[in-house]
1. Each residue of the stretch 206-212 in turn: what ³J(HN,Hα) in whole Hz from Karplus with 6.51, -1.76, 1.60 and θ = phi - 60°, glycine and Pro shown as x?
2. Taking amide H positions as placed 1.01 Å from N in the peptide plane, with prolines and chain starts having none, which residues 5 or more places from Ile41, or on another chain, fall under 5 Å of its amide H?
3. Residue by residue, what Karplus-based ³J(HN,Hα) values in Hz, rounded to whole numbers, does the stretch 141-157 have, using 6.51, -1.76 and 1.60 with θ = phi - 60° and x for Gly and Pro?
4. Determine Rg/Rh for the stretch 10-160; Rg is computed over alpha-carbon atoms and Rh is the Kirkwood hydrodynamic estimate from the same atoms.
5. Can you pick out the pairs among Lys70/Lys108; Lys10/Lys104; Lys42/Lys94 whose Cα atoms lie more than 19 Å from each other?
6. For the stretch 120-129, in order, what is each residue's ³J(HN,Hα) by Karplus, 6.51 cos²θ - 1.76 cosθ + 1.60 with θ = phi - 60°, in whole Hz (x at glycine and Pro)?
7. Fewest to most neighbouring Cβ within 10 Å: what's the order for His161, His28?
8. Among His130, His139, which comes first, second and so on when ranked by fewest other beta-carbon atoms within 10 Å?
Amino acid sequence: MGYWIFPFSKNTITSPYGDKTPPRTSPHRGLDFATGGNDVIKAVTDGKITDIYWSNCLGWVSEQTSASGKYRISYCHLNCHQHGANCQGPSAHKDRSNCMKNLKIGDKVEVGKTAVGRIGDSGDCSRGDHLHLVIGKKHRSAVSGWTTDPEKYIQRNIDKHGLPGDEPEEPQEVTEPIVTVEDCEPEPITPEPTQGIPAKILEAVRTILLWLKK
Ligand SMILES: [Zn+2]
Ligand SMILES: [Zn+2]
């Protein structure tokens with residue numbers, strides 16, 4: 001489903017999208033959350049993991065699609081499960097492992113349930129533990145390309161669809177099976193083989209009927 005959530009309460013936002021406050025030299029491409037710890041980050045919407053990579057600026061990044069596949073959501077400056085908040089990246093992962101222990105490319109993620117990382121301070125562009133959340137459209141859009149304001153985008157979705165917790169506890173009663181178009185295709189009609197009644201029997205029946213009428 002197309003539910004979205006904020007990864008952390010909005011009062012932990014420390015820098016909005018588009019922020020130009022020095023020492024920034026260009027508008028902020030993401031939305032920052034700082035909870036004061038290395039909290040586990042849960043997926044903001046349903047989707048699939050498309051990448052877990054290192055960027056010198058953004059540190060460890062995990063990236064997922066949105067349910068529709070239209071968007072890419074990136075979680076940046078992640079904490080490394082082996083080296084903590086200040087992991088040095090691939091040079092510290094000669095075995096080609098990454099910051100995550102139990103998450104890999106292709107994994108399905110569920111809104112509010114799947115851990116997609118832990119708040120960290122990895123990468124040269126981070127100044128203290130925080131999550132830099134990016135919503136873009138293309139692979140590695142956290143690094144370059146089109147992005148949108150995650151605060152506005154997520155809020156619009158919550159206003160429109162509600163939160164995952166708003167779903168009714170009991171699944172709605174389904175009275176009829178959902179019929180797909182294919183199921184409606186008429187069965188090809190194969191004509192029944194004609195079982196002609198032997199003329200002799202017909203004749204006999206006719207005779208009996210006539211006899212009964214008498
Ligand atoms: Zn590491
Ligand atoms: Zn940021």
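1. Coupling constants for the stretch 206-212: 4, 4, 4, 4, 4, 5, 5 Hz.
2. Those lying under 5 Å, H to H, from Ile41 are Val116, Gly117, Arg118, Ile119.
3. These are the phi-based 3J(HN,Hα) values: 5, 5, 7, 7, x, 4, 9, 10, 6, x, 5, 5, 5, 5, 4, 4, 5 Hz.
4. Checking Rg against Rh, the ratio lands at 0.93.
5. On the way: Lys70/Lys108 16 Å; Lys10/Lys104 28 Å; Lys42/Lys94 27 Å.
Going by Cα-Cα distance, Lys10/Lys104; Lys42/Lys94 fall outside the 19 Å limit.
6. x, 9, 6, x, 5, 8, 9, 10, x, 4
7. His161, His28
8. Working: His130 22, His139 15.
Neighbour counts put them in this order, fewest first: His139, His130.
A short reminder: the numbers here are calculations on the coordinates, not readings from a lab. This structure is a prediction, so every number in the text was calculated from the model and none was measured. Counting neighbours? That spans all protein chains shown, and the Cβs are built from the backbone with ideal geometry, glycine included.
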